[in-house]
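Derivation of every value follows stated rules applied to the coordinates shown; laboratory data play no part. It should be emphasised that the depicted structure is a prediction, and the values quoted were computed from it without experimental measurement. Backbone-built Cβ (ideal geometry, glycine too); neighbour counts: all protein chains shown.
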Amino acid sequence: MVIRDRDGKDYIDASGGAAVSCLGHGHKDVLAAMHAQLDKLAYAHTSFFTTEVAEELGDDLVAHAPAGTSHVYFVSGGSEAIEAALKLARQYFVERGETSRRHFIGRRQSYHGNTLGALAVGGNEWRRKQFAPLLIATHHVSPCYEYRDRRADETAEQYGERLARELEAKVLALGADSVIGFVAETVGGATSGAIPPVPGYFRRVREVCDRYGILLILDEVMCGMGRTGTLHACEQEGIAPDLMAIAKGLGGGFAPIGAVLVGAKIFDALQQGSGFFQHGHTYLGHPLACAAALAVQRVIRRDGLLDNVKRQGAYLARRLGERFGNHHHVGDVRGRGLFQAIELVTDRAAKTPFDPKLKLHARIKQGAMARGLMVYPMGGTIDGAKGDHVLIAPPFIVDETVVDTVVDRLGEAVDAALKDVA
Ligand SMILES: Cc1ncc(COP(=O)(O)O)c(C=O)c1O
């Protein structure tokens, strides 16, 4: 889990890059599987051939997928997975003759990728702003952001209920038969800093979607594939989506790969209709990427690594709580499994963010790198402009000793950055 720079300095990779490298760097079993695949076949275009390895990976993913998933569509990353999911969702309704369905609803502050469709459903204002004239019209509701948005007179469940009603009101305002789907990260990631949903929220969201025949499209590109302690984060919510985007931890960074897990009802509608999905990229189901992903998934199961994610996730949360729980400038320590974050504030009681001009997040990143630590700080946590958080997402092979070092170095980096600005 260490990267060495050209000067010989080592960095503990406690964020897996951007929550990607779930087995660290250079896992020998994954590399061996990739070498073996290269010796067999490096590439075949999917319009001519499928490959054994892509079929095996597809079967493997379906076998462990949320209920109702029957097929997998491979792509090369997270944004591509979202694009494919959006198009599949629209085509599903076209096949059924519901051609008036055209609206997607996303959440403010979400991140779904940088391509135009993904940016459109995404809710991060800073990322969308200059490209706004090019984006398909989408609609946004509130994120599930308990630390800032739950009112003092509400329980977590009541807050979740309020958000579900907001979604329902948006559906009704648009006209229920004009809406295609609701797109959400199960646990908010890069732009919001590991924000878990409140209990019951996604069950109510699922109900709203079902009531109006709308598809639930979950984005587990960052929070999925084991990062929260279960293979899919939605397992902990007791719901299954109609479509789900996965990437990052799927291939663990050994090769670029993403996928859409496709519900049977969507597949059946296409199969019984036009018979094909009107989409495609040159590198769909790339054999080397599939070999890497299959090996990563097998190692996670063979070595019982989801148990380690739960165990080390709890330990990391505890250690972060000890180090930052009473810190003057840390308002929230949150997350799930090995997907944790701290949010920085000038004043804990008022939850006031730092002036964005100070770029506190960038200073923390610099300070962490100087101390041989990679974490994933980001600014604009609250509204795309204000707020700073630091995401910590170590590989699933992490142990207590490394967690201790990570928390120590992060503590030093945060304090040093604060000394410069506070
Ligand atoms: C939740 C989520 N969706 C989509 C993406 C886009 O994935 P990619 O960068 O592989 O295109 C990301 C990347 O950070 C992400 O966190």
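In the range 223-281, what chymotrypsin sites (Phe, Trp or Tyr not before Pro) fall in a loop by DSSP, with at most 16 other Cβ atoms inside 10 Å? Please report the intermediate quantities before stating the final value.
On the way: sites: F254, F267, F276, F277; in loops: F254, F276, F277.
Listed in order of number, the matching sites are F276.
Let me know the whole percent of all Cα-Cα pairs from the chain that are separated by more than 40 Å. Roughly 15 percent, rounded to a whole number. Put a dot 7 Å past the Cα of D268, heading toward its Cβ, do the same for K28, and the two dots end up 4.8 nm apart. Within the chain, the whole DSSP H helices whose Cα atoms reach 20 Å or more along their own axis and whose mean Kyte-Doolittle score is at least 0.5 are 287-302. Mean-square fluctuations from a GNM of the chain, with a 10 angstrom spring cutoff on Cα atoms, peak among Q278, Q158, Q37 at Q278. Mean-square fluctuation check for the chain, GNM, Cα pairs under 10 Å: which of G249, G367, G193 is largest? Evaluated over the chain, the most mobile residue of the options is G367.
Inter-label distance, V421 to K9: 2.1 nm, where each label sits 7 Å from its Cα along the C-beta direction.
Please tell me which of these pairs span more than 24 angstrom C-alpha to C-alpha: K129/K359; K248/K310; K170/K359; K129/K265; K365/K386? Write down the numbers at each step before the final one.
Values: K129/K359 19 Å; K248/K310 19 Å; K170/K359 35 Å; K129/K265 36 Å; K365/K386 17 Å.
Pairs exceeding the cut-off: K170/K359; K129/K265.
Express in nm, to one decimal, how much length is gained between S47 and A370 on full extension, taking 0.36 nm for each residue of separation and deducting their alpha carbon distance. List each step's numbers first, then the result.
Numbers: separation 323, 0.36 × 323 = 116.28 nm, distance 4.85 nm.
Net length gain for the segment: 111.4 nm.
Estimated from the Cβ-Cβ distance and a Förster radius of 30 angstrom, the FRET efficiency linking Q158 and A137 is about 0.45. Looking at the P(r) of the range 80-134, how many percent of alpha-carbon pairs lie beyond 12 Å? Roughly 65 percent, once rounded to a whole number. Modelled label positions at A63 and D399, each set 7 Å beyond Cα in the direction of Cβ, lie 3.0 nm from each other.
Could you work out Rg/(2.2 N^0.38 Å) for the range 24-123, with Rg from alpha carbons only?
Numbers: Rg = 17.4 Å, N = 100, 2.2 N^0.38 = 12.7 Å.
For the range 24-123, the normalised Cα radius of gyration is 1.37.
Among R302, R165, R107, the residue with the largest mean-square fluctuation in a Gaussian network model of the chain, with springs joining Cα atoms closer than 10 Å, is R302. Beta bridges assigned by DSSP with both partners in the chain are antiparallel in approximately 65 percent of cases.
By how many nm would the segment from R311 to L38 lengthen if fully extended, with 0.36 nm per residue of separation less the alpha-carbon distance?
On the way: separation 273, 0.36 × 273 = 98.28 nm, distance 3.57 nm.
Roughly 94.7 nm would be gained on extension.
With the alpha-carbon atoms of the range 186-227 aligned to their principal axes, the span from lowest to highest coordinate is 30, 19, 19 Å, starting with the largest.
Relative contact order, whole percent, for the chain stands at 23, derived from Cα pairs under 8 Å and 6 or more residues apart.
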